[in-house]
């Protein structure tokens with residue numbers, strides 16, 4: 001039987017072999033001013049959006065629709081596409097639910113939270129050293 005030895009100094013490629021299999025990150029958020037009829041906090045579950053989804057939204061949306069599209073794609077719970085929620089808000093589309101249900105600042109904060117989770121609105125890199133060329 002051949003024993004596989006682990007490389008004590010793996011290459012960068014070896015370290016990244018599992019990177020494409022990582023699961024999308026999710027977070028729970030609570031709006032400070034939101035509670036249900038019983039006084040319980042309302043919690044939103046959001047997830048990160050991948051590069052292709054963000055580009056698709058950028059190409060298909062503009063202005064106010066961009067924020068609503070990011071939120072509709074990034075919010076897992078509550079389901080903004082639920083017909084009952086749309087009816088309760090007097091909305092026809094999930095984008096309208098976002099604009100009617102949330103205050104302007106809440107829309108901006110929720111959009112920012114989804115974008116941060118997706119790697120935007122902050123630096124994702126750290127410079128370790130500058131490389132000098134001869």
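Only the coordinates and a few stated rules stand behind these numbers; no lab work does. Computed from a predicted model, the values in this text were never measured in an experiment. Cβ: placed from backbone, ideal geometry, glycine included. Neighbour counts: every protein chain shown.
Taken over segment 86-96, the residue count meeting the criterion of being in contact with a helix residue (DSSP H, G or I) (Cβ under 6 Å, 6 or more places away or on another chain) and either in a strand (DSSP E or B) or without any contact (Cβ under 8 Å) to a residue 24 or more places away in the chain (or both) is 3. Taking segment 22-64, which residues are assigned to a helix (DSSP H, G or I) and under 20 Å from residue 93 (Cα atoms)? Result: 53, 54, 56, 57, 58, 59, 60, 64.
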